[in-house]
Amino acid sequence: MAGWTDALRERLKDGLYSLQNRVGRHDYYYLLFARRFPFNRMGVSPETGIVIEGFPRSANSYAVVAFKLVNPDVPIGHHLHVPIQLIRAVRFHIPAILVLRAPEEAVASFMVFQGSYNADVYIREYIRFHTSLLPYKDHILVASFETITGDMNTVIDALNQRFGTRFKILDDPEKQEETIFHKLQEVNARFFGKAAHKSMYPDASRNAQKALAQRKVLQSPFLVEARNLYSLLNKDAV
């Protein structure tokens, strides 16, 4: 009985995410979800100063925390993980970053977060998410997971050059790295407690779960399409 219940719960969670991602390509998302607290604080409006958004588990949290550390007064659209966030940024002429991570890593990590091993579901959503943004890619800055986590100042510099902005960069990246991870731990504890599988920063305790998820991803017939889409976007990424 417990196994049947767990399978049903997993399928329901997968279905709800798929629905959110599909609705999240349109302004309907704002009518249904984004006006509610706390999501209204993360949604994009004409008053938003920057949008930092991407598929889940792609260094969204790291990018937002690092940027906000040195630009605390800039209103950020973030963490709704739906394409309409970036589409609205283009519509309102707001500087925007699409955070991009390879599907093998992003999808596997998100599967662990979701507690699901239905790789096909999440790879298809990875494809839908990024395909929705292809018409807008020339109007947003694509930043790779590796650059964001390794050299956030390169991302901010590229953002300033692309949009003519004057956002501040990190003064001492090596020293401030510790502050960033501390803040990530604080946010993680507030929203997810001690749930290691939902951690916003590296956690060795979930390595076995991620390895299993990655094996599922590598077996998916949709992976080739996801990889091709990633390569198309990543070729112009910082």
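Quick check on my filter: what residues within the stretch 218-238 are touching a Pro at 6+ places or on another chain (Cβ under 7 Å) and under 21 Å from Y117 (Cα atoms)?
L223, A226, R227, listed by residue number.
Which condition from (1) modelled with pLDDT under 95; (2) touching a Ser or Thr at 6+ places or on another chain (Cβ under 9 Å); (3) assigned to a helix (DSSP H, G or I); (4) of a type outside the set (A, V, I, L, M, F, W, C) is the one that Y201 breaks?
(3)
Inside the stretch 111-135, can you point out the residues that are at pLDDT 95 or above, of a type in the set (F, W, Y) and under 13 Å from the mean Cα position of the chain (by Cα)?
Y126, F129
State the number of residues belonging to the stretch 37-60 that are at pLDDT 95 or above and within 17 Å of E186 (Cβ to Cβ).
Going through the stretch 37-60 one residue at a time, the tally reaches 1.
Restricting attention to the stretch 158-177, which residues are without any contact (Cβ under 8 Å) to a residue 24 or more places away in the chain, surrounded by 11 or more Cβ atoms within 10 Å (Cβ to Cβ) and either of a type outside the set (D, E, K, R) or outside any helix (DSSP H, G or I) (or both)?
N160, Q161, P173 - these are the residues of the stretch 158-177 that are without any contact (Cβ under 8 Å) to a residue 24 or more places away in the chain, surrounded by 11 or more Cβ atoms within 10 Å (Cβ to Cβ) and either of a type outside the set (D, E, K, R) or outside any helix (DSSP H, G or I) (or both).
Per-residue answers, yes or no, for (1) at pLDDT below 95; (2) closer than 30 Å to P221 by Cβ; (3) in contact with a Cys (Cβ under 6 Å, 6 or more places away or on another chain):
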residue: A2; (1), (2), (3): yes, no, no
residue: L8; (1), (2), (3): yes, yes, no
residue: L12; (1), (2), (3): yes, yes, no
residue: V23; (1), (2), (3): yes, yes, no
residue: A34; (1), (2), (3): yes, no, no
residue: A66; (1), (2), (3): no, no, no
residue: H78; (1), (2), (3): no, no, no
residue: P95; (1), (2), (3): no, no, no
residue: R101; (1), (2), (3): no, yes, no
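Read through the list (1) more than 25 Å from T149 (Cβ to Cβ); (2) surrounded by fewer than 21 Cβ atoms within 10 Å (Cβ to Cβ); (3) out of contact with any helix residue (DSSP H, G or I) (no Cβ under 7 Å at 6 or more places or on another chain); (4) not aliphatic (A, V, I, L, M), then give the number of the only condition that P75 fails.
With (1) more than 25 Å from T149 (Cβ to Cβ); (2) surrounded by fewer than 21 Cβ atoms within 10 Å (Cβ to Cβ); (3) out of contact with any helix residue (DSSP H, G or I) (no Cβ under 7 Å at 6 or more places or on another chain); (4) not aliphatic (A, V, I, L, M) applied to P75, the lone miss is (1).
For residues that are farther than 27 Å from E225 by Cα and in contact (Cβ under 8 Å) with a residue 24 or more places away in the chain, tally how many sit in the stretch 123-154.
Qualifying residue count for the region: 2.
The values are calculated or read from the model by the stated rules, or taken from the named source; none is laboratory data. Since this is a predicted model, take the numbers as computed values, not measurements. Positions of Cβ are generated from backbone atoms using ideal geometry, with glycine treated the same way; all protein chains shown enter the neighbour counts.
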